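The values are calculated or read from the model by the stated rules, or taken from the named source; none is laboratory data. All of these numbers come straight from a predicted model, not from anything done at the bench. Glycine gets a Cβ as well: all are built from the backbone with ideal geometry, and neighbour counts include every protein chain shown. Just so you know, the surface numbers come from the protein's heavy atoms only, side chains and all, with ligands and any DNA or RNA stripped out. Shrake-Rupley method; radii C 1.70, N 1.55, O 1.52, S 1.80 Å.
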Amino acid sequence: MKYLLGGLVVLAAILTGFMFWVRNMPIPAEKYHVAGDMPEDGDHVGRQGFAAVRRVADPDAALRALADRMAATPRTTPLAGSVDQGHVSFVTRSEIWGFPDITNAWIADDRLAIRGHLVIGSGDMGVNRKRIEGWISDVPALSSGSGVP
């Protein structure tokens, strides 16, 4: 019984330390504020994240509306960039553990790309897709039936 209790205390200390590290790990903008190549129009599901590319009539207005919506999301904070630069990055942390996910949104010509991906782990279990699809549905310029055909 004494060893079981000691083992539980050690396990609790390890879990607490891991949670503290995850919640406070630095997210360097120079590593994660990256637009990358513009994928094809449409949705792109990956094991570590999700990307969506939409043609829009007014890319600056669409990015501004999207950035406002992203900033209003719980546990989401700006990382780098600005609408005026045509590229914004945000960090969204999971509710319980605080795992960070990065979302980049940028403009190329008449298209807006949104890419979200995990920082820790090997599979995001669809959370980035769900979050980005929610943002898209909340921003009229990105929702189906609007923008540029």
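Worth pointing out:
- Some residue of the range 128-140 being assigned to a loop (DSSP other than H, G, I, E, B) and buried (at least 20 other Cβ atoms within 10 Å of the Cβ): yes
- Pairs are defined by a Cβ separation below 6 Å, a sequence spacing of at least 6 or placement on different chains, a first member in the range 106-126 that is more than 16 Å from Ile136 (Cβ to Cβ) and in a strand (DSSP E or B), and a second member that is open to solvent by 20 Å² or more (accessible area, probe 1.4 Å) and at pLDDT 90 or above; the pairs so defined are His117/Gln48; Leu118/Gln48.
- Enumerated helices (runs of 4 or more DSSP H) restricted to the range 1-84, each holding at least 2 residues that are open to solvent by 40 Å² or more (accessible area, probe 1.4 Å), out of contact with any strand residue (DSSP E or B) (no Cβ under 6 Å at 6 or more places or on another chain) and among the β-branched types (Val, Ile, Thr): 2-24
- The numbered conditions (1) more than 14 Å from the chain's Cα centre (by Cα); (2) over 16 Å from Ile132 (Cα atoms) are all true for Leu63 except (2).
- Out of Ser89, Ser144, sole residue that is outside any strand (DSSP E or B), of a type in the set (S, T, N, Q) and either open to solvent by less than 20 Å² (accessible area, probe 1.4 Å) or at pLDDT below 95 (or both): Ser144
- Screening Thr103 on (1) closer than 18 Å to Asp43 by Cβ; (2) touching a residue at least 40 places away in the same chain (Cβ under 8 Å) shows it passes everything except condition (2).
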